[in-house]
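Notes for the one structure printed next.
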Amino acid sequence: MRILIIEDEKKVAGAIRRGLESEQYEIRVAATGEDGFFLVNNETFDLVILDLMLPKRDGIEILAALRKRGLQTPVLILTAKDTVEDRVVGLDAGADDYLVKPFAFPELVARIRALLRRGRTDQVLRLRVANLEMDLVTRRVTRAGRNVELTSKEYEMLEYLMRHQDQTVSREMLAREIWQATARATPLDNVIDVTIARLRRKIDDSFDAKLLRTVRGVGFVLGEVGP
């Protein structure tokens, strides 16, 4: 799942980004209100974490404009303002939740999960390929009930493959969608191959039925092998 952080304090934004990436979320960061407004209007996000006091365009203005345009993406306001009046203004502008700085990171993660559950009730929350399952809210991956521990990039790659079950996924597609690379590069091919190898060990090595296959010269396929 993709989360946009609109926060001008570099240390705060960096800490949140590192923490959420360790939880295997895909993160984008905008340091100004204008940059954040541009990103949220031109890319798809599952949740927005929005500071109120931003340069160029404040958080309330951004939030009100997004809701006026009909965007229903969950928005969590993160701010140092903690008066009742501030909270009312934020919620009235269309915020889904409000967290005051300083905050405990586990609470932030819990609120994010709650908003994602609420915001995706009409969407797929769990992916399955044979006995391999991925919970898109908790970020938990299991095969035959066993936990599979993945890095952030391994998780993103597996999610992409599961969403394209039984389809051939090329290195170009993975480079573009997982690494946001716009041009082909041999070093990135090597990184993709290493990540695929690690992913294969984690999801396939302990099982007789293999799910992740290489199509030589083309790419990769995740799915059950037919009889």
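The values are calculated or read from the model by the stated rules, or taken from the named source; none is laboratory data. This structure is a prediction, so every number in the text was calculated from the model and none was measured. Cβ coordinates were reconstructed from backbone atoms using ideal geometry, including for glycine residues, and neighbour counts include every protein chain displayed.
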Requested in this report: Determine the pairs where a residue that is more than 13 Å from residue 132 (Cβ to Cβ), located within the stretch 206-226, has a partner that is of a type in the set (Ser, Thr, Tyr) and part of a loop (DSSP other than H, G, I, E, B) with Cβ atoms under 6 Å apart, the partner being 6 or more residues away or on another chain.
Outcome: 215/168; 218/168; 219/168; 221/168
Report summary line: The residue that is nearest to residue 6 (Cα to Cα), considering only those in the stretch 59-76 that are within 18 Å of the chain's Cα centre (by Cα) and of a type in the set (Val, Ile, Thr), is 75
**Report entry** Meets criteria (in a strand (DSSP E or B) and of a type in the set (Lys, Arg)) for residue 139
**Finding:** no
Requested in this report: Please state which one of 27, 16 is touching a residue at least 40 places away in the same chain (Cβ under 8 Å) and not in a loop (DSSP other than H, G, I, E, B).
Outcome: 16
Query raised in the report: Is there any pair linking a residue in the stretch 79-94 that is surrounded by 13 or more Cβ atoms within 10 Å (Cβ to Cβ) to one that is outside any loop (DSSP other than H, G, I, E, B) and among the small types (Gly, Ala, Ser), with Cβ under 9 Å and at least six apart or on different chains, and which?
Result: 79/59; 79/90; 81/90; 90/59; 93/59; 93/64; 94/64
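Answer yes or no: is there a residue in the stretch 149-167 that is part of a strand (DSSP E or B), closer than 26 Å to residue 207 by Cα and either in the same structural domain as residue 205 (by TED's automatic domain parsing) or among the hydrophobic types (A, V, I, L, M, F, W, C) (or both). Write out each step before concluding.
Step one: of the stretch 149-167, the residues part of a strand (DSSP E or B) are none.
Checked the stretch 149-167: no residue is part of a strand (DSSP E or B), closer than 26 Å to residue 207 by Cα and either in the same structural domain as residue 205 (by TED's automatic domain parsing) or among the hydrophobic types (A, V, I, L, M, F, W, C) (or both).
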**Report entry** Test result for residue 61, in contact with a Gly (Cβ under 8 Å, 6 or more places away or on another chain) and not assigned by TED's automatic domain parsing to the domain that holds residue 160
**Finding:** yes
Query raised in the report: So, in the stretch 177-214, of the ones that are out of contact with any Asp or Glu (no Cβ under 8 Å at 6 or more places or on another chain) and among the hydroxyl-bearing types (Ser, Thr, Tyr), which residue ends up modelled with the lowest pLDDT?
Result: 186
